[in-house]
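Below is one structure, written out as structure tokens, with a few remarks after it.
The values are calculated or read from the model by the stated rules, or taken from the named source; none is laboratory data. The shown structure was predicted, so the numbers you read here are calculated from the model rather than taken from an experiment. Cβ atoms come from the backbone with ideal geometry, glycine included; neighbour counts cover every protein chain shown. Ligands, DNA and RNA are stripped out before the accessible areas are found, and what is left, the full protein with its side chains, is counted by its heavy atoms. Shrake-Rupley method; radii C 1.70, N 1.55, O 1.52, S 1.80 Å.
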Amino acid sequence: MGGTQYDLVVIGAGSGGVRASRMAAGFGARVAVIEERDLGGTCVNVGCVPKKLFVHGSQFRTDFSHAAGYGWELGEPSLDWSELRGNKDREIARLNRVYEGILGSAGVEIIEGHGRVEGPHTVCVGKRTLNTASILIATGSWPVMPAIPGIEHAISSNEAFHLAPLPERVLVVGGGYIAVEFAGIFQGLGCQVTQLYRGDLFLRRFDRDVRTFVAEEIRKKGVDLRFSMNVSSITLEGATRVCRLTDGSELRVDCVLMATGRRPLTAGLGLEGAGVALNAQGGVVVNEDYVSSVPSILAVGDVIDRLQLTPVALAEGMYVARTRYGGLDVPRPDYANIPTAIFSQPPIGTVGLTEAQARVDHQVTIYRSSFRPLKLTMTDANERTMMKLVVDREDDRVLGCHMVGPEAGEIIQGLAIALKCGATKADFDQTVGIHPTAAEEFVTMRTAVQD
Ligand SMILES: Cc1cc2nc3c(=O)[nH]c(=O)nc-3n(C[C@H](O)[C@H](O)[C@H](O)COP(=O)(O)OP(=O)(O)OC[C@H]3O[C@@H](n4cnc5c(N)ncnc54)[C@H](O)[C@@H]3O)c2cc1C
């Protein structure tokens, strides 16, 4: 590595880039990280963290109404949106400073600006040219906006975090988790929400029972959820967005949020010029050690177009730092049984195979349970919780755990460890429940579902 200014130059200070750069520097490497927006990347600034804060903020309306069943009188609650948004901004600014501190104390040089690869060992930022042994591309992904007339009157999730004022009527377009989460946030905050998805049922990669169950629950909450429907154009009438839908009808709203997918962010990075192979989506093609077609250029996180999740980007960044700069022989990140949550209302937690995926290679037994959560029994709410286990009939291994209901993410995280350890249904059955909780249902489901 002698003769170069840096051992590693990282482009992008998001989840993957920050983790890789601070760990590599911790192992003694000379590291610079380039960031053109805010430290912490998507997750901290316009993703997981502010999204979850908004989910919390939007749940109080329901919580206040439930409180009445427990004897609390609160009067008519009202929301100060600018207070919520401002407090969220302050928390994010605090996290940006925390990231700056973490990188600084690890000895990473932070360079503000747009990084561009000029060659296998050269990166340019503004007028500076950095000479480095290796380059790590960790530039993340960017929302895709569909090419329909009037798309300039719609926003992406990036802008949804900074709306002023809070719109009264919102159209959310898309069937992925970001669309579902924002529909729930806006609904909870008191907006009138319509959600459209062009397919026959949203959340394509999830278990079908989960998808149908959560659709019903979301509708109960008041979201006007329409499938096999899309927007064909948007026009402005004053501040109103007049949306023409694919069935010919018209919908008038104050805000159109397009949550119609994200693509790896590689445009303008100079990668093709440097000989780095990209896939059809623009993602960097890497081998199992995250090395691109140019041996000195690596990539991790959303930009490699595998699983677009923060813990995955962290694991990939960590692997690169440990193996290349720590000299450690650690296992490669394992993409099997990665648990995920959707912070819809009610939320979804899931790990392992869906029933349909499991049926491809296994004979399966299905356990399913649906019930009214104890907390809601003293309220008017008719929300239900659903849990499902997919079990291999041959060796009794639990292949998938799925849940829709309060704290689904918290519950499924624990079950993910069990699946990682290869737990069987008998292991679940022999586990003593915690009573009274919803989670205990996962260890007390005894009767297989007859479909
Ligand atoms: C609305 C939303 C909600 C989400 N919720 C969750 C969730 O609940 N749980 C979860 O696990 N994941 C969630 N995600 C996904 C998660 O945010 C991403 O998977 C994660 O941030 C990917 O990390 P990364 O390091 O690959 O990229 P990012 O975090 O996107 O970081 C990339 C960084 O590179 C910078 N950059 C790009 N190009 C350049 C350049 N040329 N020069 C300099 N800097 C550049 C960008 O400004 C950015 O800061 C969510 C995403 C969104 C959009």
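Can you tell me how many residues in segment 323-362 are over 22 Å from Gly140 (Cα atoms) and within 12 Å of the ligand (Cβ to nearest atom)? Count: 4. Screening Lys52 on (1) in contact with a Gly (Cβ under 7 Å, 6 or more places away or on another chain); (2) within 16 Å of the ligand (Cβ to nearest atom) shows it passes everything except condition (1). Can you name the residue in segment 244-260 that is of a type in the set (S, T, N, Q) and either open to solvent by 50 Å² or more (accessible area, probe 1.4 Å) or within 16 Å of the ligand (Cβ to nearest atom) (or both) and, of all such residues, is farthest from Gln281 (Cα to Cα)? Looking at residues that are of a type in the set (S, T, N, Q) and either open to solvent by 50 Å² or more (accessible area, probe 1.4 Å) or within 16 Å of the ligand (Cβ to nearest atom) (or both), I get Thr246. Which members of segment 93-136 meet the condition of being part of a helix (DSSP H, G or I), open to solvent by 20 Å² or more (accessible area, probe 1.4 Å) and touching a residue at least 60 places away in the same chain (Cβ under 8 Å)? Across segment 93-136, the qualifying residues are Tyr99, Glu100, Ile102, Ala106. If you go through segment 1-18 and keep only what is closer than 19 Å to Gly115 by Cα, open to solvent by 10 Å² or more (accessible area, probe 1.4 Å) and more than 8 Å from the ligand (Cβ to nearest atom), you end up with Thr4, Gln5, Tyr6, Asp7.
Every listed requirement among (1) among the β-branched types (Val, Ile, Thr); (2) within 15 Å of the ligand (Cβ to nearest atom); (3) closer than 21 Å to Arg208 by Cβ is met by Val320 save one, (3). Against the list (1) more than 16 Å from the ligand (Cβ to nearest atom); (2) buried (at least 19 other Cβ atoms within 10 Å of the Cβ); (3) of a type in the set (A, V, I, L, M, F, W, C), the condition Ala32 fails is (1). Condition (residue is more than 28 Å from Gly270 (Cα to Cα), of a type outside the set (Gly, Ala, Ser), without any contact (Cβ under 8 Å) to a residue 40 or more places away in the chain and out of contact with any strand residue (DSSP E or B) (no Cβ under 8 Å at 6 or more places or on another chain)) applied to segment 37-58: is it met by at least one residue? Within segment 37-58 (the criterion being more than 28 Å from Gly270 (Cα to Cα), of a type outside the set (Gly, Ala, Ser), without any contact (Cβ under 8 Å) to a residue 40 or more places away in the chain and out of contact with any strand residue (DSSP E or B) (no Cβ under 8 Å at 6 or more places or on another chain)), the answer is yes, since at least one residue qualifies.
Taken over segment 409-451, the criterion of being in a helix (DSSP H, G or I), basic (Lys, Arg) and open to solvent by 100 Å² or more (accessible area, probe 1.4 Å) is satisfied by Lys420 alone.
Scanning segment 71-92 for any residue that is touching a Gly at 6+ places or on another chain (Cβ under 8 Å), within 11 Å of the ligand (Cβ to nearest atom) and touching a residue at least 60 places away in the same chain (Cβ under 8 Å) turns up nothing.
Within the option set Arg241, Arg219, Arg263, being open to solvent by 50 Å² or more (accessible area, probe 1.4 Å), modelled with pLDDT of 95 or more and within 16 Å of the ligand (Cβ to nearest atom) holds for one residue only, Arg263.
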